[in-house]
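A short write-up of the structure that comes next.
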Amino acid sequence: MYNIFIAKTGFKIRPVAGYLSARDFLAGLAFRVFNCTQYVRHHADPFYTPEPDTVHELMGHMALFADPNFAQFSQEIGLASLGASEKDLANLATLYFFSIEFGMCGCYSSDPEDSENFVENEENNLNKNRNLKVYGAGLLSSAGELSHAVSDKANILRFDPDRVVKQECMITCFQTAYFYTKNFDEAQQKLRMFTNNMNRPFIVRYNAYTESIEVLNNNRSLTLAINQLRSDINLLASALHSIL
């Protein structure tokens, strides 16, 4: 499985003995490293676990980390956490929790192109006209909460980062609210807008060649990043020209 992730998205699996702090866990994502627990939930409650276990990691996270878009989405949250204040870090952890752990995507409208017409009154109409898919690992690995999340009892709201960060993360019971976007791209776009407004001490990028984090804080680092971007654009232009 390790080699599959390396080939698909460059993500690595790192075994850990237990629950990590939000800062340590998100920092791992910045380096495309997923910290994976090694224990199994108690047999007395196989359908729910308050802490991540191997069932959660394998059924919830592993398949999605093989998807390039999802892997990039996860890494961007990790990169934004580096050097973040405690308040911003808590917000990022909450955004991670209600997207990668308990996120949904799709829309409630019978016409996917009409997704904006029902947002204003979503609290009244969500459960009556639903067409959602679950991607959050916490839902995929919990038969009990998954049944709850797709039932009419669930409170499902549009993913708005400013609203999401105010939502309490429930650890020992089902969530009191879930959030959805139309697709991964929308969640990623909203996350970028949120992190761009954070008061970050520095801006970083991940160098896939050296597997290191580079701080963009002077002319040299910016020039190197621009040259790399120019090289990538030239390569894409050549590929596009050959196709057309």
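Sorted ascending by nearby beta carbons within 10 Å, beginning with the fewest, Met170, Met193 become Met193, Met170.
With θ taken as phi - 60° and the Karplus curve 6.51 cos²θ - 1.76 cosθ + 1.60 applied, the whole-hertz 3J(HN,Hα) list for segment 209-223 is 6, 9, 6, 9, 9, 10, 8, 8, 9, 8, 4, 5, 5, 5, 5 Hz, x standing for glycine and proline. 3J(HN,Hα) couplings calculated from phi for segment 52-69 with the Karplus curve 6.51 cos²θ - 1.76 cosθ + 1.60 (θ = phi - 60°) are, in sequence order, x, 10, 5, 5, 4, 5, 6, 7, x, 9, 4, 4, 6, 6, 8, 8, x, 5 Hz; Gly and Pro show x. Just checking the listed ones, Leu64, Leu146, Leu20: in the Gaussian network model of the chain with Cα springs under 10 Å, the one fluctuating most is Leu20.
A cut-off of 5 Å between modelled amide H atoms, ignoring neighbours fewer than 5 places along the same chain, links Tyr178 with Asn155, Ile156, Leu157. May I ask which of Lys153/Lys182; Lys8/Lys153; Lys12/Lys153; Lys12/Lys133; Lys8/Lys87 have a Cα-Cα span longer than 29 Å here? Pairs exceeding 29 Å: Lys8/Lys153; Lys12/Lys153; Lys8/Lys87. Between Gln228, Gln38, Gln167, the residue with the greatest mean-square fluctuation in the GNM of the chain (Cα pairs under 10 Å linked by springs) is Gln228. Between the amide H of Gly136 and those of Gly103, distances stay under 5 Å, these residues lying 5 or more places away or on another chain, with hydrogens modeled in the peptide plane.
Springs between Cα atoms under 10 Å define the GNM used for the chain, and in it the highest mean-square fluctuation of Asn155, Asn234, Asn196 occurs at Asn234.
Here the alpha carbons of the chain define both size measures, Rg and Dmax, at 19.3, 60 Å.
Ordered by the number of other Cβ atoms lying within 10 Å of each residue's own Cβ, fewest first, Val134, Val55 fall into the sequence Val55, Val134. Annotation: Cα Rg of segment 20-98 relative to the compact-globule expectation 2.2 N^0.38 Å equals 1.16. Between Ile213 and Cys173, the FRET efficiency estimated from the beta carbon spacing at R0 = 41 angstrom works out to 0.65.
Summed over qualifying helices (DSSP H, 4 residues or more, each -39500 (n - 2.57)) and divided by its residue number, the chain shows a 222 nm mean residue ellipticity of -11500 deg cm²/dmol.
No value in this document is a laboratory result; all are computed from the given coordinates. Please read these numbers as outputs of a predicted model, since none were measured by experiment. Here the Cβ is made from the backbone with ideal geometry for all residues, glycine too, and neighbour counts use every protein chain on show.
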